[in-house]
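Heads up: the structure comes next, in structure tokens.
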Amino acid sequence: MRKLAAVGVTIIIASGVLTAAPATAAPISNGVTCTKSGASTTVSGRKYKCAKNPLSTSTKLTWLSNDCLLSANGYIKAKNSSAAISANYTAQIPVIDLGIANEITNKAEIQVKLDESNIRLTAAQAKLAAAKSDADKKILTTALGSWTSAVRAYTSKINAITATIRKLEASKAVAASKPIELASSIADSKSTALLICTKGL
């Protein structure tokens, strides 16, 4: 009987050793597997949602903090819209170049007229200085006034064209730099999202 009892005790002890302890669920944090899409919970005041990680190609459902989802979705939205925005800026450059070329041509044509007017103005001034009769002086004074007005008008036109060219060149610089700035901003947005969505947070 004692031998049987000893064997029984041994079996009970062995059975106890072989019995596995019940599994405990992993604490909820970014990246912890979940099963019900859209489920939400709060841990230590931080809200989490069961969803697919927008930053991953995996379709696995995991708990993600609301901050993570907000940052990740913001990055994805910005990334998706950046291509169209960059393309729009790039498409502006040839149009701006054409505008600059037209203004340069226009400026050259006006410059020729300005040069001619200055020559006529100088000649009128010389003739007026040498004029003897009042009639000649009157005619030359009128001519002098006309050429002076022409010089002022052409000079003003050239100044306006120069200002327009500068504005177009500035617009071209913006159109060329914006896609680069946008790409940098998108990269920063992704880095921030990855940091906020770090597994275990």
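The values are calculated or read from the model by the stated rules, or taken from the named source; none is laboratory data. What you see is a predicted model, and the numbers here were worked out from it, not measured in a lab. Cβ coordinates were reconstructed from backbone atoms using ideal geometry, including for glycine residues, and neighbour counts include every protein chain displayed.
Selection of segment 39-53 for residues being within 32 Å of the chain's Cα centre (by Cα) and modelled with pLDDT under 95 yields only Arg46.
Taking the conditions (1) more than 25 Å from the chain's Cα centre (by Cα); (2) under 30 Å from Thr198 (Cβ atoms) in turn, Ala108 satisfies each one other than (2).
For segment 26-70, a residue qualifies if it is over 17 Å from Ile196 (Cβ atoms) and in a loop (DSSP other than H, G, I, E, B), and the qualifying residues are Ala26, Pro27, Cys34, Thr35, Lys36, Ser37, Gly38, Ala39, Thr57, Ser58, Thr59, Lys60. Filtering Ala170, Ala131, Ala124, Ala135 for residues that are surrounded by fewer than 13 Cβ atoms within 10 Å (Cβ to Cβ), modelled with pLDDT under 95 and of a type in the set (A, V, I, L, M, F, W, C) leaves a single hit, Ala135. Checked against (1) of a type in the set (S, T, N, Q); (2) within 21 Å of Leu182 (Cα to Cα); (3) buried (at least 18 other Cβ atoms within 10 Å of the Cβ), Ser81 meets all criteria but (3). Per the listing Ile161, Ile165, Ile180, the residue uniquely of a type outside the set (Asp, Glu), over 27 Å from Lys113 (Cβ atoms) and assigned to a helix (DSSP H, G or I) is Ile180. Scanning segment 59-98 for residues that are under 17 Å from Ser29 (Cβ atoms) and of a type outside the set (Val, Ile, Thr) gives Lys60, Leu61, Trp63, Leu64, Ser65, Asn66, Asp67, Cys68, Leu69, Leu70, Ser71, Ala72.
The test for being without any contact (Cβ under 8 Å) to a residue 40 or more places away in the chain and in a helix (DSSP H, G or I) does not hold for Lys113.
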